[in-house]
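Please read the structure below before turning to the comments.
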Amino acid sequence: MTATFAPVALPSDLDGIAAWIDSEAMAALLAEFRHEPLPTGSLGDRLAALEAVSARCWDYRKGLERHQATGETFSPERTARIEAAATALGLLGHRPPPADDYDHILVLGGGVRTMLARADLAADLARQGVSTTTIAGLGSVRPLDNPAQVAQELGLPESPTEGDAVEVGLRRALRLGQPPSRRSGVSDTGQPWWIRSYEDTRPPVHVLAAPSTRPGMRANTGDTFIGWAELVEPRPEGARLLLVTTDIFVPFQHCDAVRLLTLQYRCHVDTVGFDTRSNPWVKTPETFQVLQEVRSAVRSMQALHSALDGEQAAM
């Protein structure tokens, strides 16, 4: 019988990071790859040791985009053990939000099928009684592959960019009409952005195609958080936020949000994801893809650890 593990909370501080990496679930995952539990030492040293393991065992991207990664296959028994640990660590399955009242719900961006799933979850949460003053979809101007083919397959408007896909998903799930207002511009580094707002709906809905903060590179999740706090909801001091994403991305995107929105604006962040193993819009992830996102989570926790350490040093 496959072991089960107690769910581990998503980290929001140094103690939370320690609890996540030192958990029974993480120890079991390390043992699955013939690694001992993490050595004693400072939290930074333990994180570095875990990152080194993840680089050796779980880096299937090798610098490529996620969809370009190729990885190994595992026996059903090993898959079950890995997935049990990943579920406890927050990378598989849907955990309901811990509250039912938020200032803002942020639906994170992706391709069309991903956005249909994430937008459906946001709409389901609203129907279940989770309230908010605004909903914002966070995407970018990153071009998507085969937009005409995807549109034809799904019977939806064409989505040339990630931002368009975010809008298509939210329009369908929330039954939005045409946007009454549009804004666009160029960032200080020359990167384009736009916002489409459905201000007559309740709650109001905004769709952001955020600029990259790194010239020559596409906007990442962190860039969309920064874009939201600068362009959509300037200086959201103390806001309570619910992030909606995909289960396997929950820990890394949560830690990025804490680093960029909690530490800078004192926002409280909760993060939920749809269950990829039971969603009609997306393929169930391969086991190696789940492990890749364990690595992403570890690296995001390293960045959060550094930011928290710096904040403590400045006090």
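The values are calculated or read from the model by the stated rules, or taken from the named source; none is laboratory data. What you see is a predicted model, and the numbers here were worked out from it, not measured in a lab. When we count neighbours, we look across all protein chains shown, and the Cβ atoms used for this are built from the backbone with ideal geometry, even at glycine.
Is it true that D275 is surrounded by fewer than 24 Cβ atoms within 10 Å (Cβ to Cβ), at pLDDT 95 or above and over 24 Å from P143 (Cβ atoms)?
yes
R95 - would you say it is within 23 Å of T284 (Cα to Cα) and either more than 21 Å from the chain's Cα centre (by Cα) or at pLDDT below 95 (or both)? So that I can check it myself, show each step before the final result.
Numbers: within 23 Å of T284 (Cα to Cα): yes; either more than 21 Å from the chain's Cα centre (by Cα) or at pLDDT below 95 (or both): no.
No: the conditions fail for R95.
Please indicate, with yes or no, whether at least one residue in region 266-280 is outside any helix (DSSP H, G or I), within 13 Å of L10 (Cα to Cα) and in contact with a Lys or Arg (Cβ under 7 Å, 6 or more places away or on another chain).
yes
Checking R66 against (1) under 28 Å from D309 (Cα atoms); (2) at pLDDT below 95, which test does it fail?
Every listed condition holds for R66 apart from (1).
A136 versus (1) within 17 Å of the chain's Cα centre (by Cα); (2) of a type in the set (A, V, I, L, M, F, W, C); (3) modelled with pLDDT under 95: which is the lone unmet condition?
Every condition holds for A136 apart from (3).
Taking region 154-180 only, how many residues are part of a loop (DSSP other than H, G, I, E, B) and either under 21 Å from the mean Cα position of the chain (by Cα) or under 15 Å from R142 (Cα atoms) (or both)?
Looking only at that region, the number is 3.
Among the residues of region 73-91, which ones are within 24 Å of the chain's Cα centre (by Cα) and either modelled with pLDDT under 95 or within 15 Å of A3 (Cβ to Cβ) (or both)?
T79, A80, R81, I82, E83, A84, A85, A86, T87, A88, L89
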